[in-house]
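Notes for the one structure printed next.
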Amino acid sequence: MFKGGTKTVGRFFVVFALEHAEARPRLGLAVGRKVGNAVFRNRTKRIVRESFRHHQESLGGLDLVVVARGSAARGSPRQLTEDLAACWRRVAHDR
């Protein structure tokens, strides 16, 4: 997806990361119909945004695209948050 970037795969999400010149991280979301109906897709997006807000200090200078996998529909909010936290740690470490 990003040439020269990194890809991190979790149980519920795939995170693509690419460094950029600014100090603030930027977030893009892709939550398709495989995640479920609109209620589940919107819930998943809220969880991703909130997790990003809590971890953005460690993600400075990255463009991030989070792609929700179909399994995200079956995960609890806690499981989704834990999977994202692990993805953020791997992305920050791989810089």
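Residues that are open to solvent by 60 Å² or more (accessible area, probe 1.4 Å) and in contact with a strand residue (DSSP E or B) (Cβ under 6 Å, 6 or more places away or on another chain) were ranked within the range 81-95; the one that is nearest to GLY4 (Cα to Cα) is ASP94.
Can you give me the number of residues within the range 61-80 that are within 27 Å of LYS3 (Cα to Cα) and either aromatic (Phe, Trp, Tyr) or open to solvent by 20 Å² or more (accessible area, probe 1.4 Å) (or both)? Result for the range 61-80: 6.
A single entry from PHE12, PHE40 fulfils the requirement of being modelled with pLDDT of 95 or more and surrounded by 13 or more Cβ atoms within 10 Å (Cβ to Cβ): PHE12.
Scanning the range 4-25 turns up no residue that is more than 14 Å from the chain's Cα centre (by Cα), polar (S, T, N, Q) and not in a helix (DSSP H, G or I).
For the criterion of being of a type in the set (Phe, Trp, Tyr), touching a residue at least 40 places away in the same chain (Cβ under 8 Å) and out of contact with any Lys or Arg (no Cβ under 6 Å at 6 or more places or on another chain), PHE40 fails. Taken over the range 45-60, the criterion of being surrounded by 15 or more Cβ atoms within 10 Å (Cβ to Cβ) and either part of a strand (DSSP E or B) or modelled with pLDDT of 95 or more (or both) is satisfied by LYS45, ILE47, VAL48, SER51, PHE52.
The values are calculated or read from the model by the stated rules, or taken from the named source; none is laboratory data. For clarity, every value in this text was computed on a predicted model and none was experimentally measured. Cβ sites come from the backbone with ideal geometry, for glycine too, and all protein chains shown count toward neighbours. When the accessible area is computed, the model is the full protein with side chains, heavy atoms only, and any ligands, DNA or RNA have been set aside. Shrake-Rupley method; radii C 1.70, N 1.55, O 1.52, S 1.80 Å.
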